[in-house]
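See below for the structure under consideration.
The values are calculated or read from the model by the stated rules, or taken from the named source; none is laboratory data. All values derive from a computational prediction rather than experimental measurement. Quick reminder, even Gly has a Cβ in these numbers, built from the backbone with ideal geometry, and neighbours come from all protein chains shown.
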Amino acid sequence: MRALFLYCLSLSASVWAQSSAVDAYVASESPIAKAGVLANIGPSGSKSSGAKAGVVIASPSSTNPNYLFTWTRDSSLVFKALIDQYTLGLDTTLRSEIDNFVSAETAQQQVSNPSGSVSSGGLGEPKFNIDLSAFTGAWGRPQRDGPALRSTALITYANWLIANGNASYVSSTLWPVIKLDLGYVVSFWNQTGFDLWEEVSSSSFFTTAVQHRSLREGAALATALGDTAAAQYTTQAANILCFLQSYWNPNGLYMTANTGGGRSGKDANTALASIHTFDAAAGCDAVTFQPCSDKALSSLKVYVDAFRSIYTINSGVASNAAVATGRYPEDSYMGGNPWYLTTAAVAEQLYDAIIVWKRTGNIEITSISLAFFQQFSSSVTTGVYASSTTTYSDLLAAVQTFADGFLVINAKYTPSGGGLAEQYSRSNGAPLSAADLTWSYAATLTAFGARAGVVPASWGASGLTVPSSCSTNSGGGGGVGTVSITFNEFATTVFGENIYLTGSIDALQNWSPDTALLLNTDNYPTWSITLNLPASTTFQYKFIRKFNGAVTWESDPNRQFTTPASGSSVINDSWR
Ligand code: NOJ
Ligand code: NOJ
């Protein structure tokens, strides 16, 4: 503990300076961020002309990148932040914005789009035009976090309305919309879809976590309204909670972001999942990945550390101090840079953790979270430290300093006018990509809120346990089991040339040509392979030729297939 004490003593002057720097950033940036959010909401937001009432544009940027669309994920996260401010009494002026959002989402749900109609999967469509017409261009669809996030925002509002004597509006207007989204989650949670970064088609931790949350609070609301759908929400929530545990990497000690994608799996996905499923009443529960849980803290450290050596602007920073973070270390989108919203999310997770440690009056260190805490004191050991101990107070102060450090970095790279783009340059910190990203502003506001001790309403995470046996049998059918799939590819080849298969899921080697699967020539010129693949799973694939070390891919687009819930299938393709 002496080491920790000296560490704190030596830091105390700079800590004080840093904390007042954050205070100054909070003071200057809060009104700018709030105005930045409102400017991007139709019909009267100053930067969102053409957007229908209640429609959130992702950013006013219309070229490189064109973000002048409305994403269900961004809009729902933004409105959850506004609904929290309204329902917690922090800003009573937001009522008409919220009611506009309800109307916009009610209409948007009914818009048929390339993912389907309202009753055939259309709720998984990631983005729409800002007049609420369907976006019909190519895109990574479906994305199955949207309905869950939207229902969470609306349920928060519904619960407040019921508590404030307006249950009839909830029953007549809000509940039908919420129920469509919850029905979507029930039907599709065990099917793959694109992750929140719109790139990897597989299961994804963030998506699974927010789906779980939505069904828990949906079940409670259904019960309050006397709707018997509550039972199926609870049943599927238990199954989802089971599945959620399977993302844990017990060797790396972090939640792997995606089941596919062929990456390290270190990703802001998991910190975002933690803050957007935060429930202070659940304490440091690891099963629901609460911000102060050992698994969430360990994941956070692994994620943050992945950015220490890859961004020039992080060079020279002490190995236990805050750095700028991005979506995931392998990212190359717009050059693969730090993002304001991911760096803010790290701070927010830590502030949420502090909120709970203060409430419970202790900090528990387990073998899983030990490395996280040893960043602040190399001599600290596992155990439960009560608030009366110096270990507790020293660690609390050290984590606060660490958290503030992430906001100081965002502050450093916020331009003088306070505008927040999507990213800032990994080499010099200059703002990059979409300007005035609504989500950057909202993420900044919620991080500031957590720093100030703002606690969003509980969603029922407290006391949940993982069922002893897991079932993935939802409305969409399917299961954790595998099905036998035979791939036949008609391809004439020259001597020494071979045909291989690779694709978007682990079992197909995650698009790696090096480890692609060799087909057999038992029925040449048809090449074949039979594989056990996960049931009820959509994946993409291609065949490749290898000859003398050269790899030739089939032409675009990728081939796609959805495995059946049970049994077997044969796929017949020809080289193209
Ligand atoms: C646009 C998506 O919004 C972004 O998340 C993705 O990284 C790029 N497309 C590249 O796939
Ligand atoms: C790209 C991000 O990856 C995605 O998460 C977001 O929804 C869109 N941009 C719009 O902001």
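With GLY261, GLY218, GLY183 as the choices, which residue is within 16 Å of ligand 2 (Cβ to nearest atom) and either assigned by the TED database to the domain that holds ASP145 or in a loop (DSSP other than H, G, I, E, B) (or both)?
Every option except GLY261 fails the conditions.
Where residues in region 304-330 are assigned to a helix (DSSP H, G or I) and over 21 Å from the mean Cα position of the chain (by Cα), which of them is nearest to THR256 (Cα to Cα)?
ASN314
So LEU225 ticks every box in (1) surrounded by fewer than 22 Cβ atoms within 10 Å (Cβ to Cβ); (2) over 24 Å from ALA565 (Cβ atoms); (3) touching a Lys or Arg at 6+ places or on another chain (Cβ under 9 Å) but one. Which box is left unticked?
(3)
Can you find, within region 331-354, the residue that is nearest to ligand 2 (Cβ to nearest atom) among those that are surrounded by fewer than 24 Cβ atoms within 10 Å (Cβ to Cβ) and assigned to a helix (DSSP H, G or I)?
TYR333
Residues of region 41-66 being buried (at least 24 other Cβ atoms within 10 Å of the Cβ) and either of a type in the set (A, V, I, L, M, F, W, C) or in the same structural domain as THR156 (by the TED database) (or both), which ones?
ILE41, ALA51, VAL55, VAL56, ILE57, ALA58
Considering region 221-240 alone, what residues qualify as being aliphatic (A, V, I, L, M) and either within 22 Å of SER274 (Cβ to Cβ) or outside any helix (DSSP H, G or I) (or both)?
Residues satisfying the conditions are ALA229, ALA237, ALA238, ILE240.
Here's a check for you: in region 195-210, which residue that is surrounded by 24 or more Cβ atoms within 10 Å (Cβ to Cβ) and hydrophobic (A, V, I, L, M, F, W, C) is nearest to ligand 2 (Cβ to nearest atom)?
Out of the qualifying residues, it is LEU196.
Counting only residues that are closer than 23 Å to PHE101 by Cβ and either of a type outside the set (S, T, N, Q) or assigned to a strand (DSSP E or B) (or both), which one in region 57-71 is farthest from ligand 1 (Cβ to nearest atom)?
Once the filter is applied, the top-ranked residue is PRO60.
Got at least one residue in region 430-438 being touching a helix residue (DSSP H, G or I) at 6+ places or on another chain (Cβ under 8 Å) and closer than 30 Å to GLY218 by Cβ?
Yes, some residue in region 430-438 is touching a helix residue (DSSP H, G or I) at 6+ places or on another chain (Cβ under 8 Å) and closer than 30 Å to GLY218 by Cβ.
Tally time: how many residues in region 396-434 are surrounded by fewer than 22 Cβ atoms within 10 Å (Cβ to Cβ), hydrophobic (A, V, I, L, M, F, W, C) and over 16 Å from THR342 (Cα atoms)?
4
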